[in-house]
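Engineer: Questions regarding the structure given below will be posed in turn.
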Amino acid sequence: MAKGKLKKSQAAFDRAKKSIAGGVNSPVRAFRAVGGTPPFIAKARGSHLTDIDGNDYIDFVASWGPLILGHAHPAVVEAIERAARDGSTFGAPTTRETALAEEIKDAFPSIDLLRMTSSGTEAVMSAVRLARAFTGRTRLVKFDGCYHGHSDSLLVKAGSGATTFGHPSSPGVPPALARNTLSLRYNDANAVADVLKRHGDDVAAVIVEPVAGNMGVVPPADGFLQALRRLTRKCGALLIFDEVITGFRIARGGAQQRFGVSPDLTVLGKIIGGGLPVGCFGGRKDVMEKLSPLGPVYQAGTLSGNPLAMAAGLATLKELRNPGVYPRLETKSRLLADGLAGEAKRSGLAVTSNRVGSMMTLFFTPHRVANYDDALRSDTVRFARFHAGMLARGVYLAPSQFEAAFVSTAHAAADLRAAVRAAGEIFAELAESPS
Ligand SMILES: *Cc1c(COP(=O)(O)O)cnc(C)c1O
C-alpha cells in the first residue's frame, strides 16, 4: 500500500517541467483535473505499479487501456526481447506484420484489408481521409464526448444546435475545417436521422466509439449502433467504429462482435500493440483498395508495423485466444463494479456505475449517464477527493472523472477486494462531509 509520500515524484515533476511542456508528454498525466503530484513510475509488474518513492499501487489505468494482460507479462516481454535482438526496425516488410494482420482479421470479420500505424490518432486521421476520398464527400458526423485522437478534423465540439456544424475544440484547428464536422449527442439516433436527412449527400462518414470510453464509460443504448448502420447505409456515408479501446477489450472481436453491428471501417490501437505504440485501420476491401500503393489516397509511416510493436501485439493477442480470458475478465470486473456500488450504497452516497466488460466508470452523480451532458453533471470535486483518497491507499485510478477504469487478467481477487475496501473508507468520509 502507498504511504502517500511523493517527495521524489515532486522533484522529478519540477525537473521535467523545465524541459517538457507541462512536465508530461500527454496532458492528462499532469493530474490537473484532480490536483496533486503525479507519481513518477519506476516499474510495474502484473497488476501493480511502483513509483520512484517506492510506493506500490494496484493499477486500474493499464496505460489507458492497452495492458489487458497487466504489466510486463512474461510472454510479451520475451517476444519484445527476441524481436529486439533481430533488429528494431527495417523500413521493409516483415512476416510479423502479416501475422498480426491475420490475427486481427480473424477476430474482426468486417476487416478485409488493414494498415498499421504508430498511434490511434494517426489511424483515425487516415480512416477519415480514406472515407472522404472513397465517398467524394467532405463532412463528418461524430458524437459529443467521444475522443478519436487529436487530429484537426476530430478536435471539434458541437455547434449551437443539432443542425449547425461544429467549432474547433482547440485553438489551432481552422474553423473552416471544424465546420465540416458535426458533433451530435451520443445515443441520440433521432438527431442522426435528422442530420443525415438534411446533409446526408455531403457526409463522408459517421464515426463513433461503439462503447464510449472517453467521457467515462457510456454504453450504446439499445438499437443505437443498429440505427447508425441503417442510416449510414441509406445515405451512402461510411460507418467508422473507433474500437481503439473496445477492440479485444469487451470481446475478442470488440463492440462489433458484442453488439452484432458491422461497420465499413474499424480503427484499432492500444491492446493490439501490447503496450508498444500501434494503431490500425481497416475494413471493406473496395474502400481499403483506394489506399496507396493500390489507389490514390496517400498514407505512410516510417515506423508503421514496427517489429517490436508487432511482436508485443502478437504475443498479447495470442494470450487473448485462451477461451477462459473474457469470462474471467467479466467475473472480476463485475466483482469490482458491484463491490464499489455496494460500498457507495452502504455509505448513502449516490453514484452511477457504468460498465461494459472490463471497462467501467463510477460517476459521482445519482442520474443515469447515457451521454456527455449526463456525464458532465458529475460532482468532479467529490471525484477529486475520491481519487486522492484512493491514491493514498495504494489504488491508482485515472486522474479524471471522465475516464475508464480497466481490469486486466493480472488483477487478483485480493487486488479487487483491496480496492473495494479502500473505496468504502473514502465513501464513508465523503458521505459525512458536503463537497
Ligand atoms: C486512445 C484513443 C485514441 C487515440 O489513440 P492514440 O494512440 O492515443 O493516438 C483514439 N480513439 C479512441 C477511442 C481512444 O481511446
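Engineer: Within the stretch 219-246, which residues are among the aliphatic types (A, V, I, L, M) and under 19 Å from VAL156 (Cβ atoms)? Reasoning before the result, please.
Structural biologist: Residues of the stretch 219-246 among the aliphatic types (A, V, I, L, M): 221, 225, 227-228, 231, 237-240, 244-245.
LEU228, ALA237, LEU238, LEU239, ILE240, VAL244 - these are the residues of the stretch 219-246 that are among the aliphatic types (A, V, I, L, M) and under 19 Å from VAL156 (Cβ atoms).
Engineer: With the requirement that a residue be within 12 Å of the ligand (Cβ to nearest atom) and open to solvent by less than 10 Å² (accessible area, probe 1.4 Å), what does the stretch 201-215 give you?
Structural biologist: Let us first name the residues in the stretch 201-215 that are within 12 Å of the ligand (Cβ to nearest atom), namely 207-215.
Once the filter is applied, which keeps residues that are within 12 Å of the ligand (Cβ to nearest atom) and open to solvent by less than 10 Å² (accessible area, probe 1.4 Å), the stretch 201-215 yields ILE207, VAL208, GLU209, PRO210, VAL211, ALA212, GLY213, MET215.
Engineer: For residues that are open to solvent by 60 Å² or more (accessible area, probe 1.4 Å) and part of a loop (DSSP other than H, G, I, E, B), scanning just the stretch 89-134, find the one that is nearest to ARG321 (Cα to Cα).
Structural biologist: PRO109
Engineer: Examine the stretch 173-181 for a residue that is small (Gly, Ala, Ser), modelled with pLDDT under 95 and either open to solvent by 10 Å² or more (accessible area, probe 1.4 Å) or within 13 Å of the ligand (Cβ to nearest atom) (or both), and state whether such a residue exists. Steps first, answer last, please.
Structural biologist: Taking the stretch 173-181 and keeping what is small (Gly, Ala, Ser), we get 176, 178.
Now restrict to residues that are modelled with pLDDT under 95: 176, 178.
In the following step, the residues that additionally are either open to solvent by 10 Å² or more (accessible area, probe 1.4 Å) or within 13 Å of the ligand (Cβ to nearest atom) (or both) were identified as 176.
Looking through the stretch 173-181, at least one residue is small (Gly, Ala, Ser), modelled with pLDDT under 95 and either open to solvent by 10 Å² or more (accessible area, probe 1.4 Å) or within 13 Å of the ligand (Cβ to nearest atom) (or both).
Engineer: Pull out all pairs, ordered by first then second residue, where Cβ-Cβ is under 6 Å, the residues are six or more apart or on different chains, the first lies in the stretch 144-155 and is farther than 23 Å from ASP373 by Cβ, and the second is open to solvent by 10 Å² or more (accessible area, probe 1.4 Å) and outside any loop (DSSP other than H, G, I, E, B).
Structural biologist: Pairs that qualify, where the first residue is farther than 23 Å from ASP373 by Cβ and the partner is open to solvent by 10 Å² or more (accessible area, probe 1.4 Å) and outside any loop (DSSP other than H, G, I, E, B), are SER151/THR121; SER151/MET125; ASP152/LEU177.
Engineer: Right, here's the next one. Within the bounds of the stretch 350-358, is there any residue that is on the phi < 0 side of the Ramachandran plot, polar (S, T, N, Q) and touching a Pro at 6+ places or on another chain (Cβ under 9 Å)? I'd like the intermediate steps shown before the answer.
Structural biologist: We begin by selecting, within the stretch 350-358, every residue on the phi < 0 side of the Ramachandran plot; these are 350-356, 358.
If we keep only those that are polar (S, T, N, Q) as well, we get 352-354, 358.
Subset that is touching a Pro at 6+ places or on another chain (Cβ under 9 Å): 352, 354.
Yes, the stretch 350-358 contains a residue that is on the phi < 0 side of the Ramachandran plot, polar (S, T, N, Q) and touching a Pro at 6+ places or on another chain (Cβ under 9 Å).
Engineer: Of everything in the stretch 48-67 that's within 21 Å of THR246 (Cβ to Cβ) and of a type in the set (Gly, Ala, Ser), which residue is nearest to the ligand (Cβ to nearest atom)? Steps first, please.
Structural biologist: The initial filter retains those residues of the stretch 48-67 that are within 21 Å of THR246 (Cβ to Cβ), namely 59-67.
Next, only the ones that are of a type in the set (Gly, Ala, Ser) stay: 62-63, 65.
Numbers: ALA62: 12, SER63: 10, GLY65: 7 Å.
Out of the qualifying residues, it is GLY65.
Engineer: With the checklist (1) surrounded by fewer than 24 Cβ atoms within 10 Å (Cβ to Cβ); (2) near the ligand (Cβ under 10 Å from one of its atoms) in hand, flag the one item ARG258 doesn't pass.
Structural biologist: Of everything listed in (1) surrounded by fewer than 24 Cβ atoms within 10 Å (Cβ to Cβ); (2) near the ligand (Cβ under 10 Å from one of its atoms), ARG258 misses just condition (2).
Engineer: Sort out which residues of the stretch 216-228 are closer than 15 Å to LYS197 by Cα and either buried (at least 20 other Cβ atoms within 10 Å of the Cβ) or within 16 Å of the ligand (Cβ to nearest atom) (or both), and write them in order of number.
Structural biologist: In the first step, residues of the stretch 216-228 are kept if they are closer than 15 Å to LYS197 by Cα; the result is 227-228.
Once the filter is applied, which keeps residues that are closer than 15 Å to LYS197 by Cα and either buried (at least 20 other Cβ atoms within 10 Å of the Cβ) or within 16 Å of the ligand (Cβ to nearest atom) (or both), the stretch 216-228 yields only LEU228.
The values are calculated or read from the model by the stated rules, or taken from the named source; none is laboratory data. Fair warning: this is a prediction, and the values are worked out from it, not measured in the lab. Using ideal geometry, Cβ is built from the backbone for each residue, glycine included, and neighbour counts are taken over all protein chains shown. Ligands, DNA and RNA are stripped out before the accessible areas are found, and what is left, the full protein with its side chains, is counted by its heavy atoms. Shrake-Rupley method; radii C 1.70, N 1.55, O 1.52, S 1.80 Å.
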